[in-house]
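For reference, the structure discussed in these notes is given below.
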Amino acid sequence: MDHFEPRGGVLHAEGVALDKLAAAVGTPFYCYSTATLERHYRVFVEALAQVDSTEPPLVAYAVKANPNLSVIATLARAGAGADVVSGGEMRRALAAGVPANRIVFSGVGKTRDEMAAALAAGIYQFNVESEEELATLGAVASALGHVAPVALRINPGVDALTHAKISTGKDENKFGIPLARAEAAYALAATTPGIRAMGISAHIGSQLTQLAPLEATFARLGDLVTRLRAAGQSVERVDLGGGLGIPYKRDEPAPPSPADYGAMVAKATRGWNVRLMFEPGRMIVGNAGIMVTRVILTKTGAAKRFVVVDAAMNDLLRPAFYSAWHDILAIAPRAGEMTATVVGPICETGDTFAEDRVLTPLQAGDLVAFMTAGAYGATMASTYNSRPLVPEVLVDGDSYAVVRPRLDIDALLALDVIAPWLKPQANES
Ligand SMILES: *Cc1c(COP(=O)(O)O)cnc(C)c1O
């Protein structure tokens, strides 16, 4: 469910007409809906109402899905914590008003500087992904006079049945500590100075459209909790990660709903006697954002008809990177149908958003929206082909705010420095 609906023949974001917004901010741009963000967060929290947790579950929004400060602040205001994977993301979470005691730090390669900054901030938990990292974190914490609260991220050896580039829980993936070494690693954590072993975590991948891999993972985590306690360890928290998939095609069956997920979690974790934690990203922001672009021209090739838009793969990488599908809707659709391949202006054949897509008829100057672009959209953008990053706009009812302005080309050029020996010489005469 989102709040992007046509009204009077024009697609709106809540109460804001997208053609008017495009005229005001220029194209391309990203547009996020406050009501949709809040709704998705609430739906997720409500789906967990039946779970058995020693404290209210911590829902730590995975900032990497959409790190815009206003997006994080919207979710923080609704009560969300943050799952961060870099020092920069931690700074964003703090700047957006997420309390340090609701921040979790994940990632396979945290640096000493990042660890020190997170210890100084007093974050809730480090999800440690290797024995090597445990030793480093213990040393950094001890040197600073801190004790780091730690959950060990376990790689459960489960295939999430999703795209290979976003599968993270298989034996051959870089993430986490292999299940077979989990007990030894936990014993190590419990005796490492500077470390307080609080629990375990897992995150097996993203855009999961089946519950079975998650269920299998949680069963392994439950068995591990039992074995750890039998060995005399204290386990107070289990972080179940994120990964729940969302519908990208309006006319296809939706992946498991948050309610189905919540019911499965309640059953799988009954009696664990821990605080449960979650790290949803895509599920919260995916359908809360779109990217709006304008048709530059249409052209006919030898084999295909092309629609060339002013957005490109640098602005929305998912189709090129993951062969991902985004529904493409005209902002003010005409009657009828056309089939076309939708491409951007970048000098790469990979700069293709959709092949042979059935669309409403489009002409130069028309506006179209790429739907479900709120997650892993703007944040994966680059300036390839010297294309400045595009603006991001947050809508709330009838109001909107530009929450990241368009960078102009002078600002982009100003990031480079001409080496002193290449500077144009003053005329010697
Ligand atoms: C990316 C990531 C998430 C969020 O995944 P989604 O599929 O967006 O829910 C959660 N936890 C960790 C550790 C991640 O790397």
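The values are calculated or read from the model by the stated rules, or taken from the named source; none is laboratory data. Not measured: the values here are computed from a predicted model. We place every Cβ from the backbone using ideal geometry, glycine too, and count neighbours over all the protein chains shown. What goes into the accessible areas is simple: the full protein's heavy atoms, side chains included, and nothing from ligands, DNA or RNA. Shrake-Rupley method; radii C 1.70, N 1.55, O 1.52, S 1.80 Å.
Tabulated data
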read-out: Verdict on Val147 being touching a residue at least 24 places away in the same chain (Cβ under 8 Å) and either small (Gly, Ala, Ser) or within 14 Å of the ligand (Cβ to nearest atom) (or both); value: no
read-out: Filtered residue count, the stretch 266-292, keeping only those that are over 20 Å from Tyr32 (Cβ atoms), more than 13 Å from the ligand (Cβ to nearest atom) and not in a helix (DSSP H, G or I); value: 8
read-out: Residues satisfying the stated conditions in the stretch 57-70, i.e. over 16 Å from Gln125 (Cβ atoms) and either more than 13 Å from the ligand (Cβ to nearest atom) or assigned to a loop (DSSP other than H, G, I, E, B) (or both); value: Asn66, Pro67, Asn68, Leu69, Ser70
read-out: Single match in Ser201, Ser234 (criterion: within 16 Å of the ligand (Cβ to nearest atom) and of a type in the set (S, T, N, Q)); value: Ser201
read-out: Selection within the stretch 77-91 - open to solvent by 20 Å² or more (accessible area, probe 1.4 Å) and not charged (D, E, K, R); value: Ala78, Gly79, Val85, Ser86, Gly88
read-out: Which numbered condition Tyr248 fails, given (1) in the same structural domain as Gln210 (by TED's automatic domain parsing); (2) more than 24 Å from the chain's Cα centre (by Cα); (3) among the hydroxyl-bearing types (Ser, Thr, Tyr); value: (2)
read-out: Selection status of Tyr41, open to solvent by 10 Å² or more (accessible area, probe 1.4 Å), touching a strand residue (DSSP E or B) at 6+ places or on another chain (Cβ under 9 Å) and either modelled with pLDDT of 95 or more or assigned to a helix (DSSP H, G or I) (or both); value: yes
read-out: Residue identified as among the β-branched types (Val, Ile, Thr) and closer than 23 Å to Arg42 by Cα among Val225, Val265; value: Val265
read-out: Subset of the stretch 260-308 [among the basic types (Lys, Arg) and in contact with a Phe, Trp or Tyr (Cβ under 6 Å, 6 or more places away or on another chain)]; value: Lys299
read-out: In the stretch 286-300, the residues that are open to solvent by 30 Å² or more (accessible area, probe 1.4 Å) and not β-branched (Val, Ile, Thr); value: Arg294, Leu297, Lys299
read-out: Flag for Thr136 being in the same structural domain as Arg237 (by TED's automatic domain parsing), polar (S, T, N, Q) and away from the ligand (no atom under 16 Å from the Cβ); value: yes
read-out: Residues satisfying the stated conditions in the stretch 155-165, i.e. open to solvent by less than 30 Å² (accessible area, probe 1.4 Å) and within 12 Å of the ligand (Cβ to nearest atom); value: Asn155, Ala160
read-out: Residue in the stretch 128-150 that is open to solvent by less than 20 Å² (accessible area, probe 1.4 Å) and more than 28 Å from Ala100 (Cβ to Cβ) present; value: no
read-out: Residues (assigned to a loop (DSSP other than H, G, I, E, B) and in contact (Cβ under 8 Å) with a residue 40 or more places away in the chain) located in the stretch 8-38; value: Gly9, Glu14, Gly15, Gly26, Thr27, Pro28
read-out: Subset of the stretch 166-198 [over 17 Å from Ser106 (Cβ atoms) and within 16 Å of the ligand (Cβ to nearest atom)]; value: Lys170
read-out: Residue check for Val235: open to solvent by less than 20 Å² (accessible area, probe 1.4 Å) and touching a residue at least 60 places away in the same chain (Cβ under 8 Å); value: no
read-out: Members of the stretch 95-127 found to be surrounded by 19 or more Cβ atoms within 10 Å (Cβ to Cβ) and of a type in the set (A, V, I, L, M), listed by number; value: Ala96, Val98, Ile103, Val104, Met115, Ala118, Leu119, Ile123
read-out: Conditions (1) over 24 Å from the mean Cα position of the chain (by Cα); (2) over 21 Å from Arg181 (Cα atoms); (3) touching a residue at least 24 places away in the same chain (Cβ under 8 Å): number failed by Glu131; value: (2)
read-out: All strands (runs of 3 or more DSSP E) inside the stretch 315-429 with 2 or more residues being surrounded by fewer than 17 Cβ atoms within 10 Å (Cβ to Cβ); value: 338-343, 352-359, 399-404
read-out: Residue within the stretch 221-232 that is assigned to a loop (DSSP other than H, G, I, E, B) and closer than 22 Å to Ala60 by Cα present; value: no
read-out: Some residue of the stretch 209-224 being within 10 Å of the ligand (Cβ to nearest atom) and either under 17 Å from the mean Cα position of the chain (by Cα) or open to solvent by less than 10 Å² (accessible area, probe 1.4 Å) (or both); value: no
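For (1) open to solvent by less than 10 Å² (accessible area, probe 1.4 Å); (2) more than 14 Å from the chain's Cα centre (by Cα); (3) within 14 Å of Val98 (Cβ to Cβ), each residue gets a yes or a no:
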residue: Val25; (1), (2), (3): no, yes, no
residue: Ala47; (1), (2), (3): no, yes, no
residue: Thr54; (1), (2), (3): no, yes, no
residue: Leu58; (1), (2), (3): yes, yes, yes
residue: Asn68; (1), (2), (3): no, no, yes
